[in-house]
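Here the structure comes first, spelled out in structure tokens, and everything after it is commentary.
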């Protein structure tokens with residue numbers, strides 16, 4: 001606890017010059033009454049910070065300073081309302097002005113004094129002069145002049161006689177040394193010995209304030225934040241510019257108790273009311289650690305300009321810009337001023353810190369500017385190859401369809417974190433899904449296979465299966481499809497790949513086993529080899545990509561590339577088929593306590609003639625007739641190339657009419673849903689009148705996607721709203737019930753979560769059973 005020295009403070013005219021106190025009216029304008037509670041005017045007290053003989057800052061408690069003959073006023077303290085405190089805020093009873101009543105005041109007038117001139121207690125002058133405390137000596141002279149306009153200070157304060165009260169002198173000494181408990185005891189002992197004696201009001205008030213400060217600092221150090229606010233509210237004398245450390249502690253207490261607006265008020269009081277440059281600079285630094293971007297912009301608007309035109313906070317601009325960009329990287333929807341972005345970009349270009357380049361890279365990536373982001377991630381890796389730089393670069397490479405480089409970049413850092421592992425697995429899944437498939441070196445295939453097995457990544461295992469099929473290795477493909485199904489039994493694309501591979505191997509029993517297992521759940525598995533229009537119309541073509549377990553990445557979900565269609569046999573005449581590793585471990589029991597990733601909602605099947613299957617090559621659909629473009633769109637959907645299909649549907653939609661336009665609008669919506677572009681899908685659905693069944697199917701799929709996106713973004717109320725809207729159109733699936741349960745759980749609505757999980761668990765769903773356990777654990781932790 002800081003030692004507090006005895007002193008008094010000058011009135012406003014002197015305090016403004018010495019301590020930088022501002023006009024009270026300006027402070028009242030900045031801090032109006034809050035929460036409907038009218039603030040009673042507290043006794044105004046001025047605190048000051050001066051430097052002692054050793055040049056170091058010296059803190060001392062304030063005293064009452066009232067308007068004297070000059071009519072000056074003191075600084076208005078920071079206002080705390082009753083709403084800020086835990087207990088009702090009461091105002092201390094008014095007391096008389098602080099004028100020490102000592103024996104010297106009752107003595108006869110000194111020679112040369114007018115008979116009606118009051119006696120002035122000059123003992124403090126002698127005390128400060130004896131300690132060579134010139135700053136406090138001058139402050140005491142100013143105070144006495146304000147209280148006694150006719151008073152003339154002595155030429156030699158050391159010649160001032162003692163007040164004739166050694167005990168009082170001893171009490172002042174105890175106060176100056178910060179020995180408050182001993183001072184209280186000394187006062188109490190003297191009252192017992194001399195019932196007629198009364199301690200000076202000035203001493204008592206200073207003691208009260210000093211003890212309050214000590215209690216507030218102690219509570220702050222112990223992180224008892226509500227106590228800090230309560231003490232501050234009960235001691236307005238502490239809430240002035242002279243007590244900036246107290247104001248900082250009050251602001252911290254507000255921030256730690258989730259009252260950011262009041263924290264900003266406290267920091268703003270310092271910037272609008274106080275003039276000490278170092279304290280103002282420190283205030284911005286402290287505020288930046290607890291306030292968000294918007295709150296900091298309000299504080300920075302109080303910046304003063306130096307004589308040379310520079311801002312007083314310019315020395316903090318670099319760090320503030322970095323901090324604001326880091327905050328924006330946590331929220332992709334957040335936008336910060338271009339000046340901050342430009343400053344960090346310049347720091348990255350002119351400096352040598354990889355961290356600056358990373359900040360810019362992630363900011364650009366999270367706003368889907370992958371081209372610009374790649375530049376900054378490469379710069380960061382050149383300066384310091386790190387997991388974050390490699391991960392960002394890999395995501396950019398995946399987005400620009402360069403997964404082989406992405407896999408190579410991330411392999412070193414694959415085990416650095418969960419996000420790094422997810423990024424690596426996304427790179428491998430996309431690499432294996434490239435068409436035409438690249439011939440990968442055997443060491444690369446082996447290391448990918450090892451990582452897929454270790455991570456139990458069903459998406460990459462499935463892509464390994466399609467990759468093997470494209471090189472006419474059905475036995476290896478079957479083993480990989482079996483592996484994927486052991487980790488994700490409901491993965492229909494893997495089951496479809498397995499039944500195709502077994503059929504190619506003439507394993508009739510194996511084909512029948514898969515068809516029996518998926519009876520009623522997959523038309524294309526049940527009707528293996530059939531390509532009738534009825535089969536194609538009934539096939540849920542969105543199932544392939546929707547059910548894929550794409551890797552959830554820090555910035556975007558780049559994994560989950562749709563599986564390559566195994567019906568289209570790829571002829572690779574100029575390439576030598578690699579020898580693929582084959583793995584087929586036994587089914588693995590999941591033990592994770594977290595909910596599994598929900599797949600995107602399933603859109604219904606497409607309609608439309610697909611008599612021509614020649615869509616394996618890439619062409620510009622603009623030259624096709626509407627009917628041909630529509631047929632090509634369905635063909636591309638069957639090959640799981642949704643973005644190309646959307647383009648073809650767009651041509652048919654633009655030039656076609658009647659049924660062709662309806663089919664094209666429906667197909668384009670399905671294509672956009674497959675790649676997660678929910679808003680695009682919703683727009684496409686409005687481009688042509690749809691049959692009621694189709695419109696309902698699309699609306700259900702769109703609401704499902706939006707619920708999933710809202711849940712993944714942590715917007716649980718929005719997710720519940722979308723689920724409620726969807727439930728009005730179609731019975732809620734079990735996986736969506738699980739999502740609803742976890743939304744309730746994250747909102748701490750334990751009873752609702754328990755009810756939903758219990759209903760879902762009736763089907764035997766593992767996620768629902770795990771949800772029940774999670775609810776019980778969360779409830780126990782809270783209580």
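Values quoted throughout were computed directly from the atomic coordinates according to the rules given, and no laboratory measurement underlies them. The model shown is predicted, which means the values in this text are computed figures rather than measured ones. Cβ: placed from backbone, ideal geometry, glycine included. Neighbour counts: every protein chain shown.
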Label point distance in nm, residue 516-residue 151, each placed 7 Å from Cα along Cα→Cβ: 10.7
If each residue's Cβ is checked for other Cβ atoms within 10 Å, how do 280, 412 rank with the fewest at the top? 412, 280
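Under the classification rounded if a/c is under 1.5, otherwise prolate if a/b is larger than b/c and oblate if not, where does region 214-306 fall, given a ≥ b ≥ c as square roots of the Cα gyration tensor eigenvalues?
On the way: a/c = 2.14, a/b = 1.41, b/c = 1.51.
The shape class here is oblate.
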Per-residue Cβ contact counts at 10 Å, fewest first, order 171, 739, 425, 435 as 435, 171, 425, 739
Per residue and in Å³, how big is the convex hull formed by the alpha-carbon atoms of region 200-248? 62
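Determine the gain in length on full extension of the stretch residue 717-residue 331; use 0.36 nm per residue of separation and subtract their C-alpha separation, reporting nm with one decimal.
On the way: separation 386, 0.36 × 386 = 138.96 nm, distance 1.78 nm.
Taking 0.36 nm per residue and subtracting the Cα distance, the gain is 137.2 nm.
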Length gain on complete extension for the stretch residue 368 to residue 131, per 0.36 nm per residue less the alpha carbon to alpha carbon distance? 78.6 nm
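Multiply the residue separation of residue 734 and residue 352 by 0.36 nm, subtract the distance between their alpha-carbon atoms, and state the gained length in nm to one decimal.
Working: separation 382, 0.36 × 382 = 137.52 nm, distance 5.24 nm.
Extending this stretch completely gives an extra 132.3 nm.
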Send over the Kirkwood Rh of region 272-416, from the inverse of the averaged 1/r over different Cα pairs, rounded to one decimal Å. 16.7
Å³ per residue enclosed by the Cα convex hull of region 668-783: 102
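Suppose R0 equals 22 Å. What FRET efficiency, 1/(1 + (r/R0)^6) with r the Cβ-Cβ distance, do residue 338 and residue 385 give to the nearest 0.05? Before the final figure, lay out each step's value.
Working: r = 30 Å, r/R0 = 1.36.
E(calc), rounded to 0.05, equals 0.15.
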Residue 408 and residue 315 label points (each 7 Å along its Cα→Cβ direction) are spaced in nm at 4.8
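In which sequence would 254, 722, 481, 649 go, from the one with the fewest C-beta neighbours within 10 Å to the one with the most? Numbers along the way, then the final one.
Values: 254 25, 722 21, 481 31, 649 34.
Ordered from fewest to most neighbouring Cβ atoms within 10 Å, 254, 722, 481, 649 come out as 722, 254, 481, 649.
Taking only C-alpha pairs under 8 Å that are 6+ residues apart, what is the relative contact order of region 623-782 in percent? Could the numbers behind the result be given before it?
Values: 200 pairs, mean separation 19.6, N = 160.
Answer for region 623-782 is 12 percent.
Between residue 173 and residue 755, what FRET efficiency comes out of the Förster formula 1/(1 + (r/R0)^6) with R0 = 45 Å and r the beta carbon distance, rounded to 0.05? Could you put the intermediate results ahead of the total?
Values: r = 70 Å, r/R0 = 1.56.
Step by step, r from the Cβ atoms, then E = 0.05.
So what is the relative contact order for region 214-306, in percent, with contacts set as C-alpha pairs under 8 Å and at least six apart? Can you show the working numbers first?
On the way: 93 pairs, mean separation 20.3, N = 93.
Across region 214-306, relative contact order equals 22 percent.
Please report the projected area of region 638-697's Cα convex hull averaged over all directions, in nm². Display every interim value, and only then the final one.
Numbers: hull surface 15.0 nm².
Its Cα hull, projected and averaged over all orientations, spans 3.7 nm².
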With a Förster radius of 30 Å, plug the Cβ-Cβ distance of residue 375 and residue 418 into 1/(1 + (r/R0)^6) and report the FRET value to the nearest 0.05. 0.65
Over region 270-343: Kirkwood hydrodynamic radius from C-alpha pairwise inverse distances, Å: 13.0
